[in-house]
Amino acid sequence: MRFVAPPTRHFIYATALAALCGPALASDHRDSPFTQQNPQADIGDTFLFQGPQTGGLAMVMTLNPLSGSGADGTLPSDKITLSPDLIYIFNLDTDGDAKADIAYKIKVGQPTNGQQQPVELRRAIGAEAQDAKWTGTVHGSGQTTALNQDLQVVSGKMDELLFVGPRRDPFFFDFLTVDAPVALAIKEALAGGDHLPAEGSSELAFGRTDMTLIVLEVPDLGKDPLNYWVTVADGTGNTVDRMGRAGIQGIYLVDAPTGYNPEYYTPRNAAKYPTIGDLNNAYNASTPDQDGANYGEQFTYRFQQLEVSQDKLAEKVAFYLPDMIQWDPSAAPGYPNGRNLREDAIFWTLYDLNPFMEPADGVELPHIGTQRMRDRFPYVAPSINQAFKPGNQIEPVFPIFMK
């Protein structure tokens, strides 16, 4: 990606972007003090698209970020699991009030065979969809998939498909040809916090790293508009992480990067949130319907730093909050109307926030991810440690997509 813009305005924007970038800019990896200490609860990204396997909505949640990298606190790809003490939830708001009307909940048991875990899928509606507890009706059960073992897919009572297992981190942000100092700021954001290689490609945005992926496809969803987000909750119904749009916490709720004035990063409501860490923990524990009241002031402040005009501030905040991904089947698919596994959602956000960015002549943006996805469930690319048949780097030892 290469952008051409008036030098003064471009420099102002680049400076503002650098001031907003933190290690979590890329998506939602390591977004709060709690998730930094609990990778099984740490949502990295979430995706929503029409699944070719059934034609219904496919939902993806990634956890255990930076697995296989060797970074402090991470595990190898063949060791990562989900926590039996946590509930992993796909939330769907079907009436526009930013509260869950349908929730698909996933829970695992203790590993029974190395990395493999028993898994159960439940569907909750109404009050149970909003309680973040292990409630709802059982729709299916089975096993997670271990690295380099047989593909395990849970089939639900409404023909849902569920996959849980280690695969490559699908996050993608192509920034290699963004003009300095923007490129420097983004590279610092991607690599400065975790010391991983930062390269602008779908193969190496976070280096060669895996995550635990949960992929759920529901055949009867997607015909009507809805809002979508994902959460992780403890056994008492307290949410410890959530995510809707890409990069929200990494852009708006960040600590001061090295070399920047920390007073510019103190939460606007410092009496309630003494530190950015307190603000991030509170954000993860709240629900989208509370976003405007709780975080509108914080988002307004960030937009002011990005030089959004005064008459557009309220409109911009209302667009980003509540923090959910929208799905409208009557509109063209593409972020922020859904988010597929190949999209550069961070590019879209930066482009939306910077009215001065223009692509160079002959450059078509945004670029598309090149990971080895398939049009068969569960769609996501092989692990960085995927074993392939001898002499064959295309066919895995065990099938990794449905037939």
- Solvent exposure ordering (accessible area, 1.4 Å, most first) of Thr137, Thr145: Thr137, Thr145
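Quick one: accessible area per residue over segment 259-364, 1.4 Å probe, rounded to a whole number of Å²? Don't jump to the answer; show the numbers that get you there.
Values: 5100 Å² over 106 residues.
On a per-residue basis, 48 Å².
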- Message: Taking the alpha-carbon distance from Lys389 and a cut-off under 16 Å, which aspartates and glutamates remain once sequence neighbours fewer than 8 residues away in the same chain are dropped?
- Response: Asp150
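Is segment 296-376 best put as rounded, prolate or oblate by its Cα gyration tensor, with a ≥ b ≥ c the root eigenvalues, rounded for a/c under 1.5, and otherwise prolate when a/b is larger than b/c, oblate when not? Numbers along the way, then the final one.
Values: a/c = 2.45, a/b = 1.48, b/c = 1.65.
Note, shape of segment 296-376 comes out oblate.
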- Note on the structure: Rounded to one decimal in nm, the spacing of the 7 Å Cα→Cβ label points at Lys312 and Asp95 is 3.5
- Anything over 20 Å Cα to Cα? Flag those among Lys107/Lys223; Lys105/Lys133; Lys79/Lys133; Lys79/Lys403; Lys107/Lys403; Lys223/Lys316, in the order listed. Lys107/Lys223; Lys79/Lys133; Lys79/Lys403; Lys107/Lys403; Lys223/Lys316
- Message: With +1 on the Cβ of every Lys and Arg and -1 on the Cβ of every Asp and Glu, and nothing else charged, how large is the dipole of segment 294-349 about its Cα centre, in debye rounded to the nearest 20?
- Response: 100
- Message: Tell me which of Gln130, Ser155, Ser141 sits at the most positive position along the dipole axis of segment 95-159, charges placed on C-beta atoms (Lys, Arg +1; Asp, Glu -1).
- Response: Ser141
- Amide hydrogen neighbours beyond the local backbone of Gly207, cut-off 5 Å, H modeled: Glu199
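Calculate the dipole size of segment 321-389 relative to its Cα centre from +1 charges on Lys and Arg beta carbons and -1 charges on Asp and Glu beta carbons; express the result in debye to the nearest 20.
Working: 6 positive and 9 negative charges, 136 e Å.
Charge dipole of segment 321-389: 660 debye, to the nearest 20.
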- Note to self: C-alpha centroids of segment 205-240 and segment 115-150 sit apart, in Å, by 12
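So how strong a dipole does segment 264-401 carry about its Cα centre when Lys and Arg Cβ are +1 and Asp and Glu Cβ are -1, to the nearest 20 debye? Numbers along the way, then the final one.
Working: 11 positive and 17 negative charges, 121 e Å.
Here the size comes out at about 580 debye.
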- Say R0 is 56 Å: what FRET efficiency, to the nearest 0.05, do Leu365 and Gln152 get from their beta-carbon distance? 0.90
- Item | Cβ-based charge dipole, segment 287-403, positive-most Cα from Ile368, Gly338, Ile384 | Ile384
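The values are calculated or read from the model by the stated rules, or taken from the named source; none is laboratory data. In this text the structure is predicted, and so the values were computed from the model without any measurement. Because the Cβ atoms are built from the backbone with ideal geometry, glycine has one as well, and the counts that use them run over all protein chains shown. Protein only, heavy atoms only, side chains kept; ligands, DNA and RNA dropped before computing areas. Shrake-Rupley method; radii C 1.70, N 1.55, O 1.52, S 1.80 Å.
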